[in-house]
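The values are calculated or read from the model by the stated rules, or taken from the named source; none is laboratory data. Bear in mind that the values here come from a model prediction, so they are computed numbers and not experimental data. Note: ideal-geometry Cβ built from the backbone for every residue, glycine included; neighbour counts use all protein chains shown. Accessible surface areas use protein heavy atoms only, side chains included; no ligands, DNA or RNA. Shrake-Rupley method; radii C 1.70, N 1.55, O 1.52, S 1.80 Å.
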Amino acid sequence: MIQSIFNICSRNSRSFAINAIGLSIGFSVLIAIVFFIREELGYNQFHENIDNIFAVFTRDNNAEDGLGWNSSVPAMAEALRTEYPEVKDAALYYSSTLRMLFSYNENKFYEQVQLADPNIFHIFSFRILDGKISGNTHETKIIALSKKFAKKYFGEQNPVGETIQVSKQDVFTVVAVFDDIPSNSSFQFDIWMPIQLLEDIYAKDHLNTWDNLSFENYVLLHDNVDIKKLNSNLLNRIQQSNPESKERSYLYPFKDLYLKAWGHNKKINMMILIALVILIIVSLNFINLQMADALVRIRNFGVKKINGASNYNIIKQLTLEALFYCIIAIIIAGIITQLSSPYLLKLLGKSSVNTPIISINALLMVSFVAIIMSLFSGIIPGIVISKVSPVNAIKNKVREHFSTKKLWMFFTPLQFSIAIGLIICLFTINRQLTYLRNKNLGFNKDQIVYIHLEGDLIDKRELLIERLSKEPSIYSATSTSRSPIGIYWNGRGWEWEGKPKDYDPSITYIETDKNFLETFQMELLEGNFSDSDVPKVVINETFANMISKDESLLGQLLVYPDDNISVNIGGVIKDIHFKPLHQKITPLMIIPQLGYDKMKYIFIKISPLDMDKTLAFIEETVTELNPDFPCEYFFLDNDFAHLYETEKRLRDQMGFFSIMAILIACMGLWGILIFMVKQRTKEIGIRKVNGAKIWEVMALLNRDFVIWVAIAFFIATPIAYYTMNRWLQNFAYRTELSWWIFALAGFMALGIALMTVSFQSWRAARRNPVEALRYE
């Protein structure tokens, strides 16, 4: 049997190659998807006490049905530790990282630092390799490094007890080295410092407030805690210390944080759907090709039946042949996957992994699929052949007893409908990304460079702006507390004349100087903006319309009673998009430098001409004013592009899977056409003898494929429309689903299909009719 399979493969090398390539591509994609799903499901599962770890969530009192936010007030951690006996331990975690300059010997690096309570190492399974981090320590000048960063700074030397200078000011002692955090962890940091450092940076009571949602709290509960009862007791804890607050707290299972709360289960569902789609395409293609190959060899099976072979023997042979194809394809798929693993990891959004991309689970899954496919690929052609008498089989009269076209009219449109659907999704996602890139943000982000304010630049920022402004290639410069593409400093509690009693919108703020509007080329609708002695603010259209739609707001008084702040409205700007376009524009207040927030950046608008010279001037000027800190500059438009990394990755994934689907489907068409040409060889010869032209013969052979692609288009269109319409709802600002996207996808699929079959049909049409008539 094995020898006969090898003989068949050698005689039908073209069929074998088509089968092997199609299966290999499909299996390789399945292996990669199984890897991705395994990685996603494994997120945070390495924590030993994961079932007892919870995150403190906060939600508005008016949104009882929503999850709320994975954030909490800083004073909550201590309250949880001391007031709730169900809590074994609690840790406060700063929601963002701090950028600091680290110096050791001659080495200087800018690093991202994570601030958290030391209890974070006791609640979560971040393994300490050397040293110790005490859970009740009040020291602030200590630091812990990951194994990777310890080697970066100290090489093979034990760093515990060594010191590192931070930001050219303070000296920190290394107290511990922890193991590198796995890539499938929600927490990713290489440097830890005590969160109490924030009290040195801001104020002594910064961590004792009940009105700052810039933190996260995590708790470890004792066993068998009644979580519903605990959440009931926790619900109004913020109000006990801050009666004006409308926020409510509750505990959310940490094991569900990544997949459910953060929505990554949607990625898994999408990948499962894609895996099923690829599986269907590969299976249908393989069955199609096996059917065509079996019918090409129908005479051989007729001879075997005359010599006593049973239908079982034929089905067994076809099944073993299919299984042999699958085994070869699995081996090739493993090689393809391993060689292309860097690209696949990037495509799947995995920069690094802890496990190999080819796993036992993936191989078992693919092997199971291969067995099922082999069974169907043996049984279906076997049943077809069983219905043909030995005499008709020898005469190659298959269609007298069975119309293979009925099967192909089901399989082929289904394959191409999936491919067309993926192409429509690809075009729609790409159009939305183009829309996001070209959307008028209300300000100009191009040719804007920014630097971080640190060291001497904090006090010399006005001098720096003055020097930069003297350079002709620099149009303007401004200092700000936030980036204009990601402003998340906000709060409620503002009052103004005529404000409804129960109306309390959240207002977003950015603190800056008089050059802000000029640097970003924002349109001022009325008034002006300056950082004069009289506190005047500029608000956006959305905020202005909330106050009044009919009258000028210049001079209108805005009051924040909690901090005894009063400012006048000095101007109104046209709305700008200061958050990703997933979110609608909300009220914005641009504040002059009044000291409410720290100045963190200087943004510089430069000429597009001779940018290298301009950047060199900026670097030279910054270094002169701040010699202890290396000068690093960044482009704002790059930050903007990073906002939509998820969508870009989805587009790349759709492109990759669309190409795979089209490629596999076209291989199926090729195999079917080979069979159809052989079945109609004599008919083609008779038509040519009677004067049929080459294009008429090609039209005869291609007609069925055009019909099948048309059927596929009508199947795919409504499904793709519904899917993409749902996806676009994730964006507050989005493109439209135009008819031409669907038409283009259909014509593209038709063109690819015709290109696939036309060469083979052209060869058949050019064949000598004498040879065709002698074929049988």
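Can you give the extra length, in nm with one decimal, that the chain gains between D502 and Q338 once fully stretched, where that is 0.36 nm per residue apart less the Cα-Cα distance? Spell out each step's value before the answer.
Numbers: separation 164, 0.36 × 164 = 59.04 nm, distance 6.08 nm.
Once the chain is fully extended between D502 and Q338, it gains 53.0 nm.
Rounded to the nearest 20 debye, what is the charge dipole size of the chain about its Cα centre when +1 sits on each Lys and Arg Cβ and -1 on each Asp and Glu Cβ? Let's see the in-between values first.
Details: 77 positive and 78 negative charges, 1444 e Å.
It comes to approximately 6940 debye.
Given the DSSP H assignment, sum -39500 (n - 2.57) over each helix run of at least 4 residues in the chain and divide by its residue total; what's the result at 222 nm in deg cm²/dmol, nearest 500? Present the calculation step by step, with values, prior to reporting the outcome.
Values: 25 runs with 379 residues, N = 776.
My calculation for the chain gives -16000 deg cm²/dmol from helical runs alone.
Using θ = phi - 60° and the Karplus form 6.51 cos²θ - 1.76 cosθ + 1.60, what ³J(HN,Hα) does each residue of region 613-630 get, whole Hz, x for Gly and Pro?
For region 613-630, the Karplus curve yields 5, 5, 5, 5, 5, 4, 4, 5, 5, 5, 5, 5, 7, 9, x, 7, 10, x Hz.
Considering amide H positions built from the backbone, and no H for Pro or chain starts, which residues 5 or more places from N528, or on another chain, come under 5 Å of its amide H?
Placed amide hydrogens put G571 under 5 Å from N528.
Apply the Karplus curve 6.51 cos²θ - 1.76 cosθ + 1.60, θ = phi - 60°, to the phi angles in region 637-642 and return the couplings in whole Hz, x for Gly and Pro.
5, 5, 4, 4, 4, 5
Given R₀ = 60 Å, what would the calculated FRET efficiency be for D226 paired with E624, taking r from the Cβ atoms and rounding to 0.05? Provide the component values of the computation, followed by the final result.
On the way: r = 63 Å, r/R0 = 1.06.
The calculated FRET efficiency here is 0.40.
Amide H to amide H under 5 Å from R99: which residues, 5+ apart in sequence or cross-chain, H placed 1.01 Å off N in plane?
V113
Taking region 457-536, which GluC sites (Glu not before Pro) meet the DSSP loop condition and have no more than 10 other C-beta atoms within 10 Å? Please report the intermediate quantities before stating the final value.
Details: sites: E462, E466, E495, E497, E511, E518, E523, E526; in loops: E497, E523.
In loop regions of region 457-536 (DSSP not H, G, I, E or B), the sparsely surrounded GluC sites (Glu not before Pro) are E497.
Would you mind working out the accessible area per residue for region 191-346, using a 1.4 Å probe, and quoting it in Å²?
Working: 7240 Å² over 156 residues.
Accessible surface, normalised per residue, equals 46 Å².
What Kirkwood hydrodynamic radius do you get for region 548-588 when you take the inverse of the mean 1/r over all pairs of distinct Cα atoms, in Å? Don't jump to the answer; show the numbers that get you there.
Working: mean 1/r = 0.0797 Å⁻¹.
About 12.6 Å, per the Kirkwood formula over Cα pairs.
Would you work out which of M599, S506, L426 lies farthest towards the positive end of the dipole of the chain? Charges go on Cβ: Lys and Arg +1, Asp and Glu -1.
L426
Give me, ordered by chain and number, the residues 5 or more places off G349 or on other chains with an amide H under 5 Å from its own placed amide H.
For G349, whose amide H was placed from the backbone, there are no distant partners under 5 Å.
Each label point is 7 Å from the Cα along the Cα-to-Cβ direction; what then is the distance between the points at I272 and L363, in nm?
Calculated label separation equals 2.6 nm.
What are the extents of the Cα atoms of the chain along their three principal axes, listed from largest to smallest and rounded to whole Å?
In descending order, the Cα extents are 102, 59, 56 Å.
Once R0 is set to 30 Å, what does the formula 1/(1 + (r/R0)^6) return for the Cβ-Cβ distance between S310 and I21, expressed as a FRET efficiency to the nearest 0.05? Show your work: numbers first, answer last.
Details: r = 33 Å, r/R0 = 1.10.
After rounding, the FRET efficiency stands at 0.35.
Quick one: Karplus J couplings for region 747-757, per residue in order, coefficients 6.51, -1.76, 1.60, θ = phi - 60°, nearest Hz, x for Gly and Pro?
So the Karplus estimates, Gly and Pro as x, are 5, 5, 5, 5, x, 5, 5, 5, 5, 5, 9 Hz.
Can you send over the carbon and sulfur percentage of the accessible area for the chain, probe radius 1.4 Å, protein chains only?
Details: 19580 of 36010 Å².
Exposed carbon and sulfur together represent 54 percent of the surface.
Measuring from label point to label point, each 7 Å out along Cα→Cβ, what is the N444 to E244 span in nm?
4.1 nm
Any idea how far apart T209 and Q729 come out in nm if each label point goes 7 Å out from Cα toward Cβ?
According to this spin-label approximation, the distance is 3.8 nm.
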